[in-house]
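The values are calculated or read from the model by the stated rules, or taken from the named source; none is laboratory data. In this text, all values refer to a predicted model and were calculated from it rather than measured experimentally. Backbone-built Cβ (ideal geometry, glycine too); neighbour counts: all protein chains shown.
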Amino acid sequence: MLVTYKASANHNTYKGFKAHYEAICGGDIIQEKGILHSPNYPEDYWSNKECTWRITVPENHQVALKFQSFEIENHDNCVYDYLEIRDGHESTSPLLGRFCGYKNPDDIRSTGNKMTVKFVSDRSVQKAGFAADFIKELDECKGDHGCEHECTNTLGAYKCECRIGYELHSDGKKCEGKVEIMASEFFHSFYGNTASMLLGFRQLEEFRVRYLFTAHERLLIVMSGYFNW
């Protein structure tokens, strides 16, 4: 903003003016991506500020917030300075979190295409504040993700996860049963000075042998593989 004052020759007739100014923060943001930061960032934020950003991204998307830095006066309940995030634009919209301290919050995602970010500071302690990127986000797990068990949406992508007792295959999609050795799953056969032992596990209707140990008097042979039983 530019303010210009010009006095005429008879300016002594008037008293002039006096004004107060302050930096305005917050506002309505309608765009696919952008950056939010506390007032005066990266310097210490100002005291007695309340900034509210209402973010809107295109329909059928979510708002995703990823923090780059975070330093707000710490308190167990964040009652002094804090950053508050809500799932929508109303003051009664579900609270996604209230944050303070010195650790970057985890990535935050709205359920719809609207999010409110509110920063509040009191009159006493000032810190460096925060900086965060916001982007439009799509829930890839709602589409054809190909995960055999469970799909977890991440920022800009997704990942497959397996239920307890399984581990993710190298293809990142399928799930395999973990090897669990039980006493009843040991099989022994002795042929003179040779002993063979199969360590196996049962998965669905198929029995698979994971390790085959063949021990001679002075020799141990180990074979590993999967075989249909």
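So, in the stretch 78-129, exactly how many residues are touching a residue at least 24 places away in the same chain (Cβ under 8 Å) and assigned to a strand (DSSP E or B)? Selection size over the stretch 78-129: 17. Checking 48, 74, 40, 60 one by one, the residue that is under 23 Å from the mean Cα position of the chain (by Cα), at positive phi and touching a residue at least 24 places away in the same chain (Cβ under 8 Å) is 60 and no other. Would you call residue 121 farther than 20 Å from residue 37 by Cβ, modelled with pLDDT of 95 or more and polar (S, T, N, Q)? No: the conditions fail for residue 121.
Summed over the stretch 121-139, the residues that are farther than 20 Å from residue 158 by Cβ and in contact with a Lys or Arg (Cβ under 7 Å, 6 or more places away or on another chain) give a count of 2. Scanning the stretch 130-155 for residues that are touching a residue at least 24 places away in the same chain (Cβ under 8 Å) and more than 15 Å from the chain's Cα centre (by Cα) yields 130, 131, 146, 147, 148, 149.
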